[in-house]
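Remarks on the structure that follows.
Taken together, the values in this text are just the output of simple stated rules run on the coordinates, not laboratory data. Source: prediction; values computed, not measured. Don't worry about glycine lacking a Cβ; one is built from the backbone with ideal geometry, like all the others, and counts go over all protein chains shown.
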């Protein structure tokens, strides 16, 4: 992605099996994309799918955290106020002097 954005590389890859790699510098990437526009279309397709998958994952996680938070909050409300001397109960904690 750094070749597309111009930003510094932000990821490290570790191969789990024997792998053949291709190193593509900025100039070769530019030439390849100019000579073979289908390359850029395929790259855009892959990146769009990854963005869509990540967005769905974030939405799912948000719903899950909201469900858990709401359940914990409902449990705390059902338990009523904490007794004096318990954390959060009775008097407010003193404010430290600055």
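Below, the figures for the structure above:
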| quantity | calculated |
| --- | --- |
| Using alpha-carbon coordinates, inclination of helix 26-35 to the longest axis of the chain, degrees | 60 degrees |
| Helical contribution to [θ] at 222 nm, DSSP H n ≥ 4, -39,500 (n - 2.57), averaged over the chain, rounded to 500 | -20000 deg cm²/dmol |
| Virtual spin-label span in nm between residue 25 and residue 44, 7 Å along Cα→Cβ | 2.8 nm |
| Sequence ranges 11-22, 34-45, ranked by mean other-Cβ count within 10 angstrom, highest first | 34-45, 11-22 |
